[in-house]
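Colleague: Below is the structure I would like to discuss, written out as structure tokens.
The values are calculated or read from the model by the stated rules, or taken from the named source; none is laboratory data. Only a predicted model underlies this, so the values are computations on that prediction, with no experimental measurement involved. Ideal geometry is used to build each Cβ from the backbone, glycine not excepted, and the neighbour counts take in all protein chains shown.
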2 protein chains.
Amino acid sequence: MSRIDRRALIGAAGLALAGPTLGGSAHAADAPAPKPAEAKDVTRTLARWVVNARFEDLPEAVRREATRTFLNWVGVAIGGSHHETLDVAVSALAPFSGPPQAGLFGRTERFDIMNAAFLNGVSSHIFDYDDTHLKTVIHPAGPVASAILAYAEMHPVSGRDFLDALVLGIETECRIGNAVYPNHYDVGWHITGTAGVFGAAAAAGKLMGLTEQQMVFALGLAASQPVGLRESFGSMNKSFNPGRAATNGLFAAILAAKGFTSSDGMLEAKRGWTNTVSTKQDYREITEGLGTRYESLLNTYKPFACGIVMHPAIDAAIQLRDEEHLKPEQIARVDLKVHPLVLELTGKTAPQAGLEGKFSIYHAVAVALVEGAAGEKQFSDRAVRDPVVVALRDKVVPVVTPGIAAAQVDMTVTLADGRTLHRRIEHAIGSVERPMSDAALERKFTDLADGVLPAAQARRVMSLCWSLDTLKDVGDVIRAGVAQA
Amino acid sequence: MSRIDRRALIGAAGLALAGPTLGGSAHAADAPAPKPAEAKDVTRTLARWVVNARFEDLPEAVRREATRTFLNWVGVAIGGSHHETLDVAVSALAPFSGPPQAGLFGRTERFDIMNAAFLNGVSSHIFDYDDTHLKTVIHPAGPVASAILAYAEMHPVSGRDFLDALVLGIETECRIGNAVYPNHYDVGWHITGTAGVFGAAAAAGKLMGLTEQQMVFALGLAASQPVGLRESFGSMNKSFNPGRAATNGLFAAILAAKGFTSSDGMLEAKRGWTNTVSTKQDYREITEGLGTRYESLLNTYKPFACGIVMHPAIDAAIQLRDEEHLKPEQIARVDLKVHPLVLELTGKTAPQAGLEGKFSIYHAVAVALVEGAAGEKQFSDRAVRDPVVVALRDKVVPVVTPGIAAAQVDMTVTLADGRTLHRRIEHAIGSVERPMSDAALERKFTDLADGVLPAAQARRVMSLCWSLDTLKDVGDVIRAGVAQA
């Protein structure tokens, strides 16, 4: 399939859909935003909070969600670790890498921490299957976790400190993203890479123990290194972006820690970041409610390895299949009432390659009915060529229907014996309203690790992730997650 | 002096001034620009030219100017090599550096080529004394030369190939800069770091022998990594920008060479670089006249280590001093007719520290009359506290005068014996109209290297620079330019 087709799904479907339609704006203030010219000390206020926030202050729900975020991220990083994208990057960078300070999930090579942060960050975004902050369509974990896990392997860090830094990094990037979304994203920036640099810098700087002024400068150096344009979606360049954001944030923190200076107001100044990269600046999103509202709680995980636009239909298909023990040969027809974006973005009727399947509502529903899942394996070449799936996809009839929101679907399955089964989805599994269960996250992880790590090793990595807050040395996670040489 | 003050000069004075006022627009097309939506194959056209251009095709004047650019760049990189900015960066990055593949001018440390490119790039911009493409206020050499010299030390490159790559890199960044200037700069981007990434990627990719498609992707990966905001001017973050641009471009080329992909139209696509970072897109600046008009010929070198706004007055002062053998005690009063920007940007009457002197037209004229120069030494703490200079600066009387352009000055020196001397400057030395002579470039180089390298060593480095087109291995330049351990 062509590059442009893939862009249509991963980009527009997986992302543009999310904002106001799926993500809501629970925390957006209602009053008009102050004029940018009145902004003062935005960077410093954020830096001060990051420097002073303690693990003890984090609500239990925030710790728990951050742990789930981490487990999901480790799973996708393992899953992508042998994709061609990563093979190419590893072979390109190996000749320039520094000391073997940090490992790569699912692989045997070791790199200096800046290259390791890049490579794990790339790996975790290859399938576009990582976590999503729907309010901004930022994938929060990639830039932050990649940076601090690499750092933690070099300088041992406790699980509590790591979780604290992870939460602070996610807050930093998502709040900065909120301040400029959607204008910043609409104009062309890949917000995961542009806001992600701040998250990586804040989190890494937190672990390094930066002073407030050093943190201000780390954020300034981060502001100087935004990464990623939406035009690159559908190419390797897309997963490049969270990886490079991780490295850039780490680079910023490392320099600031030694006394490298920047400006005091790189976020809010007239020729600072928000004014340069966006026509919208709402600084309240950055500075209000620090320590009381947490963007981490809005993080979501994809149960299905494709754009969010198809998730309601896949969810309905799997529910009916499982409840009714449906066999493909029983099914005569599948009628779907869908939002217009479903056909606009995923209207491919006869996909020939696995990646094309991600742009076909016909394939997605058929494979979900046949296999009861929609992970990476269900979007493989094998899956889209399976004669049973191919036969069934021709029986899928999606119809754009007024009144059906993007988060919804209305499915009627007509059986060969004349019976009909009906399912309406209001919010698909994986949404903020119906989050994936811990058990579902484990199944996703296991599925991603299958073929990369032995099952027992994958279970051990999961177990370490779940017990993150009690680990003495978070480096144990990556040491457990590399391939055995 | 404060950070904000320094920003006022280095940023606004040294840069904003330059565009339409000083730089002219000799090559700007007169017809209205085509609508961005009509743009096609901009990235590919540029990539194809870079891949196919040969040293033999370069006009002699272009080779010569590129050689002068290189010599000037090596001089400023040596000059900045022991500034605190570089000390901090070296100590921060040393623990993560890869193999000792490449050296740093004026220092003994060795780094992997990506870190070496960063550090030499930082060093060369610390004094804001490097080359300037006045049409865009890009400092072209920093990102490009830093990247390819580091590469050349690892993979031996002939002087001809190096010069070819240097010219192609400068063309790439300046043409892309032309396409978006001034809007892109006005909104807040440090154009040296944003356009510079492309120059570094193109030049490094040329030396690596990328195919056309690989070069398209290298430019795409470069587009994903713009560096630098104007808000950082006055801090170490300013010289960070050309350094990081060098690394990012090199990083892009190294990945593309191994098959890492990007989009085909990262410059011109709807959500590509020019549309995302600028409200102006004139693609003719990128694709027209490739191989026939050269932006390299518009490159200029600063004879004085301060913002361009003061150059006409300094030039006049040195001319009168040298021609009339003036002694400070002879001078009763110095009247200056100046453009409004001179007082707006450099109106500091009593500077206390060296850097403050760069923002004082009073100091600049006085020290030029006393010492006959305005290099880094004339903007030192020593110089601004020299009682003779201090006494003379109080006799300098600048008056904003209608009809005096920013490139001009009108100076009248009244002597103690009642005589008056007059000098009017239309274009200061160092402008495109009155370029620095080779001998003046050598004096500047010698002055910068003084105190860093022994005089004989500095002469040898200069000699290698002048004979660049005959060198068998350009690595000889950096090997000759490092400090002896």
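Colleague: Based on what the data block shows, is B:SER296 away from chain A (no Cβ under 14 Å) and within 18 Å of B:VAL197 (Cα to Cα)?
Modeller: When the stated conditions are applied, B:SER296 passes them.
Colleague: Give A:VAL409, A:VAL413 a once-over and let me know the one that is closer than 15 Å to A:ARG321 by Cα and either surrounded by 19 or more Cβ atoms within 10 Å (Cβ to Cβ) or in the same structural domain as A:GLU324 (by TED's automatic domain parsing) (or both).
Modeller: None of the others qualify; the one that does is A:VAL413.
Colleague: Another question, then. Filter region B:367-389 down to the residues that are part of a helix (DSSP H, G or I), of a type outside the set (Gly, Ala, Ser) and crowded, with 17+ Cβ neighbours inside 10 Å and list them by number.
Modeller: Result: B:VAL367, B:LEU369, B:VAL370, B:GLU371, B:GLU376, B:LYS377, B:GLN378, B:PHE379, B:VAL384, B:VAL389.
Colleague: Just one of A:ARG460, A:ARG424, A:ARG479 is modelled with pLDDT of 95 or more, surrounded by fewer than 21 Cβ atoms within 10 Å (Cβ to Cβ) and under 30 Å from A:GLY347 (Cα atoms); which is it? Full working, then the answer.
Modeller: Numbers: A:ARG460 fails: under 30 Å from A:GLY347 (Cα atoms); A:ARG479 fails: under 30 Å from A:GLY347 (Cα atoms).
Going through A:ARG460, A:ARG424, A:ARG479 in turn, the sole match is A:ARG424.
Colleague: Out of the residues in region B:223-266 that are among the basic types (Lys, Arg) and crowded, with 24+ Cβ neighbours inside 10 Å, state the one that is farthest from the other protein chains (Cβ to nearest Cβ).
Modeller: Among them, the one singled out is B:LYS238.
Colleague: Here is a list: B:PHE55, B:PHE105. Which entry is closer than 19 Å to B:ALA485 by Cα and more than 12 Å from chain A (Cβ to nearest Cβ)?
Modeller: Matching residue, one of B:PHE55, B:PHE105: B:PHE105.
Colleague: What tally of residues in region A:67-92 results from selecting those that are outside any helix (DSSP H, G or I) and either small (Gly, Ala, Ser) or within 14 Å of chain B (Cβ to nearest Cβ) (or both)?
Modeller: Counting residues in region A:67-92 that are outside any helix (DSSP H, G or I) and either small (Gly, Ala, Ser) or within 14 Å of chain B (Cβ to nearest Cβ) (or both) gives 3.
Colleague: Limited to region A:150-160, what total is found for residues that are touching a Leu at 6+ places or on another chain (Cβ under 9 Å) and either closer than 18 Å to A:ARG175 by Cβ or assigned to a helix (DSSP H, G or I) (or both)?
Modeller: The qualifying residues number 5.
Colleague: Could you tell me whether region A:244-260 includes any residue that is free of Cβ contacts under 8 Å to residues at least 24 places away in the same chain and not in a loop (DSSP other than H, G, I, E, B)?
Modeller: no
Colleague: Here is a list of conditions, (1) facing another protein chain (nearest Cβ under 8 Å); (2) within 24 Å of the chain's Cα centre (by Cα), and B:ALA269 meets all of them except one; can you say which number that is?
Modeller: (2)
Colleague: Collect the residues in region B:93-137 that are within 17 Å of B:LYS238 (Cβ to Cβ) and assigned to a helix (DSSP H, G or I), keeping them in residue-number order.
Modeller: Once the filter is applied, which keeps residues that are within 17 Å of B:LYS238 (Cβ to Cβ) and assigned to a helix (DSSP H, G or I), region B:93-137 yields B:PHE118, B:LEU119, B:ASN120, B:GLY121, B:VAL122, B:SER123, B:SER124, B:HIS125.
Colleague: Could we say that A:ALA145 is assigned to a helix (DSSP H, G or I), away from chain B (no Cβ under 13 Å) and surrounded by 24 or more Cβ atoms within 10 Å (Cβ to Cβ) here?
Modeller: yes
Colleague: Out of curiosity, is A:GLY220 touching a residue at least 60 places away in the same chain (Cβ under 8 Å), outside any loop (DSSP other than H, G, I, E, B) and at the interface with chain B (Cβ under 7 Å from one of its Cβ atoms)?
Modeller: Yes.
Colleague: When residues of region B:46-100 are filtered for being surrounded by fewer than 18 Cβ atoms within 10 Å (Cβ to Cβ) and within 28 Å of B:GLU212 (Cβ to Cβ), how many remain?
Modeller: 9
Colleague: Here is a further query. Within the group B:LEU448, B:LEU441, which residue is within 27 Å of B:GLU56 (Cβ to Cβ), buried (at least 16 other Cβ atoms within 10 Å of the Cβ), outside the structural domain of B:LYS377 (by TED's automatic domain parsing) and touching a Phe, Trp or Tyr at 6+ places or on another chain (Cβ under 9 Å)?
Modeller: Residue meeting the stated conditions: B:LEU441.
Colleague: Of the residues B:ALA47, B:ALA66, B:ALA61, which is in contact (Cβ under 8 Å) with a residue 40 or more places away in the chain and touching an Asp or Glu at 6+ places or on another chain (Cβ under 8 Å)?
Modeller: Every option except B:ALA47 fails the conditions.
Colleague: Let me ask another. Hey, does region A:217-229 have a residue that's modelled with pLDDT under 95 and within 16 Å of the chain's Cα centre (by Cα)?
Modeller: Checking region A:217-229: not a single residue is modelled with pLDDT under 95 and within 16 Å of the chain's Cα centre (by Cα).
Colleague: Moving on. Any idea how many residues of region A:463-476 are in a helix (DSSP H, G or I), surrounded by 18 or more Cβ atoms within 10 Å (Cβ to Cβ) and not acidic (Asp, Glu)?
Modeller: Result for region A:463-476: 4.
Colleague: Take A:SER431 and tell me if it is of a type in the set (S, T, N, Q) and not in a loop (DSSP other than H, G, I, E, B).
Modeller: No; evaluated as a whole, the condition is false for this residue.
Colleague: Which residue, of B:ALA33, B:ALA47, B:ALA26, is in a loop (DSSP other than H, G, I, E, B), among the small types (Gly, Ala, Ser) and modelled with pLDDT of 50 or more? Working first, answer last.
Modeller: Working: B:ALA47 fails: in a loop (DSSP other than H, G, I, E, B); B:ALA26 fails: modelled with pLDDT of 50 or more.
So the residue among B:ALA33, B:ALA47, B:ALA26 that is in a loop (DSSP other than H, G, I, E, B), among the small types (Gly, Ala, Ser) and modelled with pLDDT of 50 or more is B:ALA33.
Colleague: Would you mind stating whether A:ASP186 is among the charged types (D, E, K, R), farther than 17 Å from B:SER224 by Cα, touching a helix residue (DSSP H, G or I) at 6+ places or on another chain (Cβ under 9 Å) and not in a loop (DSSP other than H, G, I, E, B)?
Modeller: No: the conditions fail for A:ASP186.
Colleague: Checking B:LEU119 against (1) crowded, with 23+ Cβ neighbours inside 10 Å; (2) over 28 Å from B:ASP473 (Cβ atoms); (3) touching a Leu at 6+ places or on another chain (Cβ under 7 Å); (4) within 14 Å of chain A (Cβ to nearest Cβ), which single condition isn't satisfied?
Modeller: All conditions pass for B:LEU119, except number (2).
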